[in-house]
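Some notes on the structure that comes next.
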Amino acid sequence: MVKKIGTIRAVARDTGLSTATVSRVMNGNPKVNPDMRTRVLEAAKRLNYVPNPAARALSTAKSKTIAAIIPSIEHSVYAKYITAVEHTLSRLGYTLVLAISNADLEQELNAAEQLIAMGAEAFILTGANHNTELMDLLNRRAKPVVFTSVFDAACGVPTVGYDNRQIAFDAVTFLQDHGHERIAVAHGPHHESDRTVSRCKGVLDACLGKTQPRFVDVALSVEGGRDAARDILTASQRPTAILCLSDVLALGVMFHLQSVGMTIPDDMSVMGFDNLDWAKESHPSLTTIDLPATKMGQVAAESVVARLERSSTIASVALPAQIIPRKSVMKTT
């Protein structure tokens, strides 16, 4: 038999307290007498009373809900990041609502409008490139917002993440230090990601005055990585290393190279970007760049909650990335 759902009035009658006091307890007000808090919580449990978030939002103008919009859930780098956001918000008494934009700015705008209608109090967005109409909407509604997966101290919106241009520069320098002068770069579609654009700029910076890299624009998927490898192997002068601006692409590249009988890294070195969970288990283990996805999610969530709870300024935070040398890259000299 399903237990009947209780009401705030039933809890008030049971405890002999006012509905206002019960509401303060259920909303976590720290000024409530501890004995009263205990009485209310015990009665709420006994009577099967759980506050309705929508009703609370209407009465207090606070839904305790934070929205995050990400381009995709197909790759585990986003899963790691969103898990950190959700765990942190839950610890702080907030709920995460998530939307997927499919790397489309109009879809992101539509999702934001719906999330605002649901009562989202603040937004965590991926990247720094967003629809002007979206930013105007968030400003008009006074919704705190933070950009993640990028760091740009000069950005007009707080950013929590990393310098994609510098990280790519460091990756190419790492390959050059291992004797690789001819480098190919596999990356996802430019138009879908400002992070990809920044990473490609970092590659060019590192190759300034040296052998220019070959860029291959493919779908951000394992099959896209296979396509990139096929394209790269048609070059009259093959590179000695392939830098993939995503581990997902690196996996496809490795699959194709091995399918045509090439040995990694003896015949071709491969480097990734993300340090996904499987990277250390691949054969050979993938040299890649560890991006602080978990820390980024935690910091972004804590920042927007601090803004909502204490009117704290959201500061831009640069998080370090680290090259993880493994067995897929070899020295040529």
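Classify segment 243-325: rounded, prolate or oblate, from the alpha-carbon gyration tensor (a ≥ b ≥ c, eigenvalue square roots; a/c under 1.5 rounded; otherwise prolate if a/b is larger than b/c)?
prolate
Ordered by residue, what ³J(HN,Hα) values in Hz, to whole numbers, does segment 64-75 give under the Karplus form 6.51 cos²θ - 1.76 cosθ + 1.60, where θ = phi - 60° and Gly and Pro are x?
The phi angles translate into 6, 10, 10, 9, 10, 10, 10, x, 7, 10, 7, 10 Hz.
Amide H to amide H, which residues 5 or more places from Val145 or on other chains are under 5 Å from it, using H placed in the peptide plane?
Phe123
With a/c under 1.5 counting as rounded, go ahead and sort segment 141-197 into rounded, prolate or oblate using the C-alpha gyration tensor (a ≥ b ≥ c being the square roots of the eigenvalues; past the cut-off, prolate if a/b is larger than b/c, else oblate).
Prolate is the answer for segment 141-197, as a/c is 1.5 or above and a/b outweighs b/c.
Does segment 202-248 come out rounded, prolate or oblate by the C-alpha gyration tensor, with a ≥ b ≥ c the root eigenvalues, rounded set by a/c under 1.5 and, if not, prolate when a/b is larger than b/c and oblate if not?
oblate
D for segment 282-322, whole µm²/s, Stokes-Einstein with Kirkwood Rh over alpha-carbon pairs at 20 °C and 1.002 mPa s: what number?
It diffuses with D of about 176 µm²/s by this estimate.
Please list, in chain and number order, the residues 5+ apart from Ser328 or on another chain whose amide H is under 5 Å from its amide H, with Hs placed from the backbone.
Thr287
Write down Rg/Rh for segment 122-233, rounded to two decimals, with Rg from the C-alpha atoms and Rh from the Kirkwood relation over Cα pairs.
1.07
Put +1 on the Cβ of every Lys and Arg and -1 on every Asp and Glu Cβ in the chain; which of Val77, Ala103, Ala43 then has its Cα farthest towards the positive end of the dipole?
After comparing all options, I get Ala43.
By how many degrees, between 0 and 90 and to the nearest 10, does the Cα long axis of helix 247-259 differ from the longest principal axis of the chain?
Its long axis makes an angle of about 40 degrees.
Where the eigenvalues come from the Cα gyration tensor of the chain, what are the semi-axes √(5λ) of the equivalent ellipsoid, largest first, in whole Å?
They are 49, 20, 17 Å, listed largest first.
Summing -39500 (n - 2.57) over the DSSP H runs of n ≥ 4 in the chain and dividing by its residue number, what mean residue ellipticity at 222 nm do you reach, to the nearest 500 deg cm²/dmol?
-13500 deg cm²/dmol
Once neighbouring chains are kept in place and the probe is 1.4 Å, which whole percent of the accessible area of segment 198-249 is contributed by carbon and sulfur?
50 percent
For Cα pairs less than 8 Å apart in space and 6+ apart in sequence, what is the mean separation divided by the residue count of the chain, i.e. the relative contact order in percent?
Relative contact order here is 16 percent.
Check which residues have an amide H placed less than 5 Å from Val97's amide H, if you skip close sequence neighbours.
Those lying under 5 Å, H to H, from Val97 are Ile66, Ala67, Ala68.
Using a Förster distance of 41 Å, how high is the FRET efficiency between Thr19 and Leu137, based on the Cβ-Cβ distance and rounded to 0.05?
0.70
Starting from segment 71-176, pick out the trypsin sites (Lys or Arg not before Pro) whose DSSP state is loop and whose Cβ has at most 16 other Cβ atoms within 10 Å.
Arg141
Using the Karplus equation 6.51 cos²θ - 1.76 cosθ + 1.60 (θ = phi - 60°), what ³J(HN,Hα) coupling, rounded to whole Hz, does each residue of segment 90-101 give in order, writing x for Gly and Pro?
Ordered by residue, 3J(HN,Hα) equals 4, 4, 8, x, 10, 10, 9, 10, 10, 9, 10, 9 Hz.
Filter the trypsin sites (Lys or Arg not before Pro) in segment 224-333 to those in DSSP coil with at most 11 other Cβ atoms within 10 Å of their Cβ, and list the result.
Filter output for segment 224-333: Lys331.
Each residue of segment 306-314 in order: what ³J(HN,Hα) in whole Hz does its phi give by Karplus 6.51 cos²θ - 1.76 cosθ + 1.60, θ = phi - 60°, with x for Gly and Pro?
Result, ordered by residue: 4, 5, 5, 7, 10, 6, 5, 6, 7 Hz.
The values are calculated or read from the model by the stated rules, or taken from the named source; none is laboratory data. Every value quoted in this text rests on a predicted model; they were computed, and no experiment measured them. Using ideal geometry, Cβ is built from the backbone for each residue, glycine included, and neighbour counts are taken over all protein chains shown. Surface areas here come from the heavy atoms of the whole protein model, side chains and all, with no ligands, DNA or RNA. Shrake-Rupley method; radii C 1.70, N 1.55, O 1.52, S 1.80 Å.
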